[in-house]
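Data first, discussion second: the structure below is written as structure tokens.
The values are calculated or read from the model by the stated rules, or taken from the named source; none is laboratory data. This structure is a prediction, so every number in the text was calculated from the model and none was measured. Note: ideal-geometry Cβ built from the backbone for every residue, glycine included; neighbour counts use all protein chains shown.
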Amino acid sequence: MLGKLGALCLLSAAYFRPEACLHGISLVASMASMDVGDVAASPHSALFVRLVLTLVAFSSAVARTRSNYLTLLALLVCLQTFCLQLHMQSETYEALPLAKPAQLVFFQLLATITFSLVLAVGYFAPLPLSQRQLYRKRLVEFYTTYNPDKLDDVDNILRRYRHHEEVLFTRLKKKYILHDLIEASDDESDDEHETSTDDEPKTLSTPVAKRDSEDNDEEDNEEEDEEPSTPPPSTPQARADTAPRVRTAMQEVQAAQQARIEERIQQLKKAKA
């Protein structure tokens, strides 16, 4: 921080007094046995120094900052160029309550101040956020609004949803904004599930298959109790007779499960009311 402040002050002083900067360059060049006397004596050397310093400040500011700073930087550079032109051409305005020498000094100071502001943006403006940081900021803002208790788990949630952050925000939108009753009826919230690229609700095929298997086992046990000495039917006709019973059992299980879901939804509606 101190180094940046020192560089800012040094470059601003060089911009305000480019002749002193050229004198220092001449001393260094003479120590290195280089002759730059003609360059330092040129009438355009001061303007050249200021243009180089402006390019350095503007480049560092553009490379470091976000795109929303570009408009501010462009305005500062335009104002700086305008003031520098007035100072170099010794132009004055009668409307200003200052004498001509004072106006020239005023324009020089204003150009230096705008240069320092551009340089300060390049040195001290916050760096652009990475994609990961943007997702974290977005999730913190979301939980601050809808569920502050989850703020401590933000990093863990983002770690589980790495590369699938949009899926996470889609589920959160369904749960907290659209008030999806199916999403809200889960014992665990959507943001606590394991990472998945599929945004569809989980199917209920596993419980159905389990109940179907249990029903089939019960039917087989009943048949064995009734006819212990008769082997299970193995003919195609016997299998055809058994198929309708299996389908009926599956339909009954699915209907019962759907009824439980609807009952749960009704309970949630009553609780919210």
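Does any residue of segment 38-59 turn out to be more than 13 Å from Glu19 (Cα to Cα) and at pLDDT below 75?
yes
Can you pull out the residues in segment 56-74 that are under 10 Å from Val118 (Cα atoms) and small (Gly, Ala, Ser)?
Ala57, Ser59, Ser60, Ala61, Ala74
Out of the residues in segment 71-114 meeting the condition of being hydrophobic (A, V, I, L, M, F, W, C) and closer than 16 Å to Leu55 by Cβ, tell me which one is nearest to the chain's Cα centre (by Cα).
Once the filter is applied, the top-ranked residue is Leu73.
Of the residues that make up segment 199-213, is at least one at pLDDT below 85 and within 23 Å of the chain's Cα centre (by Cα)?
yes
What do you reckon, is Ala271 under 30 Å from His179 (Cα atoms), modelled with pLDDT under 80 and small (Gly, Ala, Ser)?
Here the answer is yes, as Ala271 does meet what is asked.
Residues that are hydroxyl-bearing (Ser, Thr, Tyr), modelled with pLDDT of 85 or more and buried (at least 19 other Cβ atoms within 10 Å of the Cβ): which helices (runs of 4 or more DSSP H) entirely in segment 70-171 hold 1 or more of them?
100-124, 131-146
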